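Accompanying notes for the structure given below.
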Amino acid sequence: AQKVTQAQTEISVVEKEDVTLDCVYETRDTTYYLFWYKQPPSGELVFLIRRNSFDEQNEISGRYSWNFQKSTSSFNFTITASQVVDSAVYFCALSEVQSDSNYQLIWGAGTKLIIKP
Amino acid sequence: GEEVAQTPKHLVRGEGQKAKLYCAPIKGHSYVFWYQQVLKNEFKFLISFQNENVFDETGMPKERFSAKCLPNSPCSLEIQATKLEDSAVYFCASSQWRTGAYEQYFGPGTRLTVT
């Protein structure tokens, strides 16, 4: 069955430290998409990245980077030189294409990231 | 419009009362998804539509929840006889035809508080 696991419930670091949020997924599909969303205290969902299962290239966007490894079914998210504004809950999600999941997003439980000044 | 609109932003209902939430998808998007986020952050898929047709309703608690997407009207999610456990933020998302698997645009959510 499909599943997304974010084992870290809460992470607290001091500003300017690097931090990695873990995401492990389970799926039987060979074609799927992985996502990261940010949910700041204001509550809205902010889309960060989408990755398809055929593209294992790591991606960097400013201070954000993502490491996708199919061999370990992981899609980890690293924030370099963290800032207070990065404080939020971060969600990893999975969308399958071939199964009968009908495009619904399967969500991890979220990791609450606290950046202390 | 260019954004998914959800109304109201906040809704407070006494236990047993009815609650109705609305979602206007992005113009031209044919898929609409409803997700429930309960207080511990857990997201649960409720239902999806392809135009006005139910696409997937496997997540819907059918006894008290119902949803519709009618032509030329916002989609709606209705909860009859709300319970305390229905307190959550309800997110609506929309997508274009065939991109639903990889591109869902989310609205700002409706926070439902059942007292």
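Things to note:
- Among the residues making up region B:1-15, a single one is part of a loop (DSSP other than H, G, I, E, B) and among the aliphatic types (A, V, I, L, M): B:Val4.
- The strands (runs of 3 or more DSSP E) located wholly in region A:47-88 that include 3 or more residues which are under 14 Å from the mean Cα position of the chain (by Cα), over 18 Å from A:Lys112 (Cα atoms) and modelled with pLDDT of 90 or more occupy A:64-69.
- Across region B:82-109, the qualifying residues are those that are surrounded by 13 or more Cβ atoms within 10 Å (Cβ to Cβ) and aliphatic (A, V, I, L, M), and the one among them that is nearest to the other protein chains (Cβ to nearest Cβ) is B:Ala101.
- Qualifying position, being surrounded by fewer than 19 Cβ atoms within 10 Å (Cβ to Cβ), under 17 Å from A:Leu21 (Cβ atoms) and within 14 Å of chain B (Cβ to nearest Cβ), among A:Ala81, A:Ala93, A:Ala88, A:Ala109: A:Ala109
- For region B:16-60, filtered to residues that are away from chain A (no Cβ under 14 Å), in contact with an Asp or Glu (Cβ under 9 Å, 6 or more places away or on another chain) and outside any strand (DSSP E or B), the residue that is modelled with the highest pLDDT is B:Lys18.
- Taken over region B:37-48, the criterion of being surrounded by 20 or more Cβ atoms within 10 Å (Cβ to Cβ) and within 13 Å of A:Leu45 (Cα to Cα) is satisfied by B:Gln37, B:Phe43.
The values are calculated or read from the model by the stated rules, or taken from the named source; none is laboratory data. Keep in mind that what you see is a predicted model, and the values were worked out from it rather than measured. Because the Cβ atoms are built from the backbone with ideal geometry, glycine has one as well, and the counts that use them run over all protein chains shown.
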